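Supplied in structure tokens, the structure appears directly below.
No lab work stands behind these numbers, since they all come straight from the coordinates. This structure is a prediction, so every number in the text was calculated from the model and none was measured. All Cβ positions, even for glycine, are placed from backbone atoms using ideal geometry, and neighbour counts span all protein chains on display.
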Amino acid sequence: MDYAGRRSRLRKNAPQGDILILSASNVPRNYPAELYPFHQDATFRYFTGLKEPDAALLIRDDGTEILFITPPDPDDVIWTGPVPGPEMLAARSAIRYTANYADLGRYLTENTLWVEPYDFQLKLRLSTWLKISPDQLPSRASRDLGRAIIALRSVKDSDEIAELNEAISLTKRMISNAQAALEPGRLESDILAALLAPAIAKERDQAFNPIVTTHGETLHNSGYGHKIDADDMLVIDCGAESVEGYCADITRTLPALGRFSAQKQELYDAVLKAQLAGIAQTKVPQTTQYDVHIAACRALTEALQAIGLMRGNIDDSLANGAHALFMPHGIGHMLGLDAHDMENYGDDVGYAPGTKRSTQFGLDALRLARALEPGFVLTVEPGCYFIPELIDRWTAAKHLADFINYDAVAKYRDMRGIRIEDDILITTNGSIVLGPGIAK
Ligand SMILES: [Mn+2]
């Protein structure tokens, strides 16, 4: 990875002033020395490649680069073994100068550029260094620095694509392993163990906590305690990290017995059609991810009309967001060193200047809507869910009843959820589905 090149491009594109990039900090779990597993901040990793906690990079206005590191305490060696010193770490990412992290405050001025940290320890440290209250951080943060970082991280180069492909290959092995273990009578946690094994064997982290659930209608289901019944579908939404920390994000919905019932097959095919329509739209020159979302929702609406769950004029149905009863989320997000890449920078990532996220239910969860450019990597992940609480609410209100056949929906109330997700690279003449191809 060309870390020095990335830093010099950032220096060129960012506003005047010293640029501060903070690494993630160690977070205590129950006493100061017992820590949660450390996960590096993606922007710090993007510009340095380093995995050290409690470090910082300062790129001065004249291009001078300083790496701030806490020098290892010689007494710690009995607990940690030998660790690389500041000079070795700086050399690894071709940074010329080092300084002690404890002295960082002395290097910061009111003209230093930074993005507000999402970690409370770092918010507190930054406000102490700058001698301002934590409440003042949002108004003092540099949105232009954030935009310069977004512009660089949004376009993936060939090294990054290779990492993403490798992460998806490992994720394919995880899903195959889970599929081989899938059997009625087992617990979701049994399948989770099978899913994680190939990644643990390679000492790889997960990009996020995997979803392994028979209750796919709970979009981010976090438990693994259900017993798998013969007519269940298992939603597996997971992604391994590559060696350099790039994230896969793949979802497959698998029938417990290896074959869907006729009714579930119809719904599965509806989601698959929506996904293929979304992927086809990513190939259209200058398309926006908003259009990708609508293309998928149109295909889903058509399929649900054919099943008898929806009805009415398709354009009006789409304009009113009637399909959000079945798919209340957006079609996808950027993917890179974060699974929801750069989400800590807010809607500057997914929405072009002058455009705003819709407040319509469903569209309000569309994280990425802007025009797609070559080098962008994003997910296309439609779903179809029968969420009893949402069905009850919409049924009671007869909400958008011109477009929804509530009598039919009532019979599908316990159908739960389906999602299919792949990772897409936008190219100069279309798009490709990354990875080795995972059956769906
Ligand atoms: Mn995703």
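Taking amide hydrogens as modeled 1.01 Å from N in the peptide plane, which residues meet the under 5 Å criterion relative to residue 427, leaving out close sequence neighbours?
375, 432
A further question follows. Distance between Cα centroids, region 250-308 to region 49-83: provide it in whole Å.
47
What's the extension gain from residue 265 to residue 51 if we count 0.36 nm per residue and subtract their Cα-Cα distance?
The residue 265-residue 51 span can extend by a further 72.6 nm.
Let me ask something else. Treat each spin label as a single point 7 Å out from the Cα along the C-beta direction, and report the residue 128 to residue 352 distance in nm.
It is 4.5 nm.
I need the calculated FRET efficiency for the pair residue 360 and residue 408, taking r as the beta carbon distance and R₀ as 22 Å, to the nearest 0.05.
Efficiency computed from Cβ-Cβ geometry: 0.40.
Okay, next question. Which order results if 415, 88, 174 are arranged by neighbouring Cβ count within 10 Å, fewest first?
88, 415, 174
Also, quick follow-up: List the residues whose amide H sits under 5 Å from the amide H of residue 25, counting only those 5 or more places along or on another chain, with H placed 1.01 Å from N in the peptide plane.
54
Semi-axes of the equivalent ellipsoid for the chain, please: Cα gyration tensor eigenvalues, times 5, square-rooted, ordered largest first, whole Å.
Output for the chain: semi-axes of 42, 25, 20 Å.
In addition: Hey, can you rank 239-246, 118-125 by average C-beta count inside 10 Å, highest first?
My ranking of the peptides, most packed first, is 239-246, 118-125.
May I ask you to derive the relative contact order of the chain, considering only C-alpha pairs under 8 Å and at least 6 residues apart, and to give it as an integer percent?
14
Of 329, 349, 424, whose Cα points farthest to the positive end of the dipole of region 306-428 (charges on the beta-carbon: +1 Lys, Arg; -1 Asp, Glu; origin at the Cα centre)?
329
Is there a quick way to get the dipole size of region 3-154? I mean about its Cα centre, with the Cβ of Lys and Arg at +1 and of Asp and Glu at -1; what is the value in debye to the nearest 20?
For region 3-154, the charge dipole is close to 720 debye.
Top mean-square fluctuation among 39, 340, 329, Gaussian network model of the chain, C-alpha springs under 10 Å?
39
Given a Förster distance of 35 Å, report the FRET efficiency between residue 120 and residue 243 from their Cβ-Cβ distance, rounded to the nearest 0.05.
0.75
May I ask you to order 129-138, 285-294 by the average number of other C-beta atoms within 10 Å around their residues, highest value first?
Highest-to-lowest ranking by the protection proxy: 285-294, 129-138.
Given H placed 1.01 Å from N in the peptide plane, which residues other than close sequence neighbours of residue 70 have an amide H under 5 Å from its amide H?
Under 5 Å from the amide H of residue 70 lie the amide H atoms of 101, each far enough along the sequence or on another chain.
Which of 383, 354, 417 moves the most in a Gaussian network model of the chain with Cα springs under 10 Å?
Checking each option, the largest mean-square fluctuation is seen for 354.
Related question: Residue by residue, what Karplus-based ³J(HN,Hα) values in Hz, rounded to whole numbers, does region 209-224 have, using 6.51, -1.76 and 1.60 with θ = phi - 60° and x for Gly and Pro?
Working through the residues one at a time gives 5, x, 9, 9, 8, 7, 10, x, 5, 8, 4, 10, 4, 10, x, 9 Hz.
Give the relative contact order (percent, whole number) for region 257-357; include only Cα pairs under 8 Å separated by 6+ residues.
So the answer I get is 19 percent.
Another question, if that's okay. Any chance you could run the full-extension gain for residue 183 through residue 200? It's 0.36 nm times the residue separation minus the Cα-Cα distance, nm to one decimal.
Taking 0.36 nm per residue and subtracting the Cα distance, the gain is 3.9 nm.
Per residue of region 45-50, what does 6.51 cos²θ - 1.76 cosθ + 1.60 with θ = phi - 60° give for ³J(HN,Hα)? Whole Hz please, x for Gly and Pro, Karplus curve as stated.
3J(HN,Hα) across region 45-50, in whole Hz: 5, 4, 8, 10, x, 8.
Ok, one more. Suppose every Lys and Arg Cβ carries +1 and every Asp and Glu Cβ carries -1, with no other charges. What dipole size does the chain come out with about its Cα centre, to the nearest 20 debye?
For the chain, the charge dipole is close to 600 debye.
Which ³J(HN,Hα) values in Hz, rounded to whole numbers, follow from the phi angles of region 229-246 under the Karplus curve 6.51 cos²θ - 1.76 cosθ + 1.60, where θ = phi - 60° and Gly and Pro get x?
8, 4, 9, 7, 10, 10, 8, 10, 10, 8, x, 7, 9, 7, 4, 8, x, 7
What is region 64-114 by shape, rounded, prolate or oblate, if you read a ≥ b ≥ c off the alpha carbon gyration tensor as root eigenvalues and call it rounded for a/c under 1.5, prolate for a/b larger than b/c, and oblate otherwise?
In terms of gyration-tensor shape, oblate.
First check a/c for region 1-99, with a ≥ b ≥ c the square roots of the eigenvalues of its C-alpha gyration tensor; if it is under 1.5, answer rounded, and if not, answer prolate when a/b is larger than b/c or oblate otherwise.
Here region 1-99 falls in the prolate category.
If the only charges are +1 at each Lys and Arg Cβ and -1 at each Asp and Glu Cβ, what is the size of the charge dipole of region 124-185 around the Cα centre, to the nearest 20 debye?
Taking the Cα centre of region 124-185 as origin, the dipole is about 400 debye.
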